[in-house]
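The values are calculated or read from the model by the stated rules, or taken from the named source; none is laboratory data. Predicted, not measured: the structure shown is a model, and the values here were computed from it. Here Cβ is always computed from backbone atoms with ideal geometry, including for glycine, and neighbour counts include all displayed protein chains.
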Amino acid sequence: MDLASFKLLFSKAGQDALAAAVQLQPKEAEYLGHFQNLEKKYPSKLAQAALETAILRIEAERKFPQAAGMYFTREALEQASPFYVSQYRSKRYWICDSLVDLGCSIGSDTINMGCMAQSTGVDIDPLRLAMAQANTDSLGLSTRINFIRADLNDPLPIKGSESSGLFFDPARRTGGRRVYSVKDYEPPLDSLYSWINDFPALGVKISPGVDKSEIAELDAELEFVSLGGELKEALLWFGPLKTTKRRATILPGPHTMTGEERPGHLPLSEPNAYLYEPDASVIRAGLVTKLGDQLGAFQLDPDIAYLTAEDDIPNPFSRVWEVEDWFPFNVKRLREYLRIRNVGKVTVKKRGSPLQPEEMIRMLRLRGEDQRWVFLTHLDGAPITIVCFQPKKTD
């Protein structure tokens, strides 16, 4: 969709075409048939814009509770943070009386920032800015948010103060491909040095897979955020927004764990009564040993983040399974063990094993009614199998 086609959606015919497209409840796989039907009544560009919007609104429901009234491009939707992650992040700016969203795209983050303080979104893409304005208008926030078109490689078009907050979301794709090094972001990460004097309350979204050695010299808090057990993003917090060295945050909640990465590992042990799998945010933040200390747990292997303990301590930072048995890795032995117990369904999880879960399940060739969780991992460097019952619910 281009800007001219997007603007057509706000004409009387455009709203009619959009309503007709939405009524179809279309999916991407059904695009051609729906497009041909809409094209019989509406011009091709309008039919295409309406149908794309209807499809993306349905797909956006998994990220945005207000998706039914929003506008997207596919790339912008894929890159946008889920609403609840963005909402949590915006609340960290509670000390600020004005906010600026650099690289605002379709305004999904700016909307949450506008709920905290008067906000400005900045982007270079005219189509995304037009969508951002439409999204803001649809949510009744147009008096709290304005948008500016500007190139972030140039001096910022807005002045800051000690009470201003800045959020920077650099592009992490080049030519449609994801980039992982902070050196390849656009604008580059070191652009923040030209902004931080005017905007000391500065937050930056980076890839959750960032090489932490690339940002080791920054005087910033590094936070990893997961939603529903899935790692979503990493954030750098500067100035007054920095409150610790490392943070792992679990949503919904929020539940947060803070501290510093501790070298070394916990004492090692064979599997005890319970097996703990730390959340990915805890692992990436380097806080596994802190979690282990809180649980009174051991590690199975110095290089693997599974923990084990005699006590079942439900907590938001890990999933916990009751251990039924464990033994050195051997497919034949595992198959026989499960068959004797009438196990026909297994969920295979792994850390440190070269085998893929689907491959392991095929090798087992099980039939039965019961279910188990099978962990393929290491005990102090040696491959082992741990058989567990259904995971416990976390608090």
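For the range 154-165, state whether one or more residues are touching a strand residue (DSSP E or B) at 6+ places or on another chain (Cβ under 7 Å), crowded, with 24+ Cβ neighbours inside 10 Å and either not assigned by TED's automatic domain parsing to the domain that holds Leu9 or not in a loop (DSSP other than H, G, I, E, B) (or both). Scanning the range 154-165 turns up at least one residue that is touching a strand residue (DSSP E or B) at 6+ places or on another chain (Cβ under 7 Å), crowded, with 24+ Cβ neighbours inside 10 Å and either not assigned by TED's automatic domain parsing to the domain that holds Leu9 or not in a loop (DSSP other than H, G, I, E, B) (or both). Of everything listed in (1) under 14 Å from the mean Cα position of the chain (by Cα); (2) under 30 Å from Asp312 (Cβ atoms); (3) aliphatic (A, V, I, L, M), the single unmet condition for Val210 is (2).
Might you check whether a residue that is in a loop (DSSP other than H, G, I, E, B), touching a residue at least 40 places away in the same chain (Cβ under 8 Å) and more than 25 Å from the chain's Cα centre (by Cα) occurs anywhere in the range 337-358? No; the residues of the range 337-358 include none that is in a loop (DSSP other than H, G, I, E, B), touching a residue at least 40 places away in the same chain (Cβ under 8 Å) and more than 25 Å from the chain's Cα centre (by Cα).
One residue alone among Asp184, Asp219, Asp198 is free of Cβ contacts under 8 Å to residues at least 24 places away in the same chain, surrounded by fewer than 18 Cβ atoms within 10 Å (Cβ to Cβ) and touching a strand residue (DSSP E or B) at 6+ places or on another chain (Cβ under 8 Å), and that residue is Asp184. Within the range 166-202, being under 23 Å from Lys242 (Cα atoms) and part of a loop (DSSP other than H, G, I, E, B) holds for Asp169, Pro170, Ser181, Tyr185, Pro187, Pro188, Trp195, Ile196, Asn197, Asp198, Phe199, Pro200. Within the range 59-70, the set of residues being assigned to a loop (DSSP other than H, G, I, E, B), of a type outside the set (Lys, Arg) and either under 17 Å from Glu28 (Cβ atoms) or within 12 Å of the chain's Cα centre (by Cα) (or both) comprises Glu61 only. Among the residues of the range 108-118, those that are in contact with a Phe, Trp or Tyr (Cβ under 9 Å, 6 or more places away or on another chain) and within 14 Å of Trp94 (Cβ to Cβ) comprise Asn112, Met113, Met116, Ala117. Residue count for the range 14-27, restricted to those that are more than 23 Å from Ala132 (Cβ to Cβ) and touching a Lys or Arg at 6+ places or on another chain (Cβ under 9 Å): 2. Identification of strands (runs of 3 or more DSSP E) wholly contained in the range 269-317 with 2 or more residues that are charged (D, E, K, R) yields no element.
Does Gly140 satisfy the condition of being closer than 19 Å to Glu78 by Cα, of a type in the set (Gly, Ala, Ser), exposed (fewer than 13 other Cβ atoms within 10 Å of the Cβ) and modelled with pLDDT under 95? No.
Considering only residues in the range 281-308 that are touching a residue at least 40 places away in the same chain (Cβ under 8 Å) and closer than 26 Å to Phe327 by Cα, the one that is surrounded by the most Cβ atoms within 10 Å (Cβ to Cβ) turns out to be Leu300. Of the strands (runs of 3 or more DSSP E) that lie entirely inside the range 211-268, those containing 1 or more residues that are under 27 Å from Phe199 (Cβ atoms) and of a type in the set (D, E, K, R) span 221-227, 230-237, 246-251. Among the residues making up the range 359-386, those that are within 18 Å of Ala309 (Cα to Cα) and either more than 30 Å from the chain's Cα centre (by Cα) or of a type outside the set (A, V, I, L, M) (or both) are Trp373, Phe375, Thr377, His378, Leu379, Asp380, Ile384, Thr385.
The single residue among Leu38, Leu32 that is over 22 Å from Thr136 (Cα atoms) and surrounded by fewer than 20 Cβ atoms within 10 Å (Cβ to Cβ) turns out to be Leu32.
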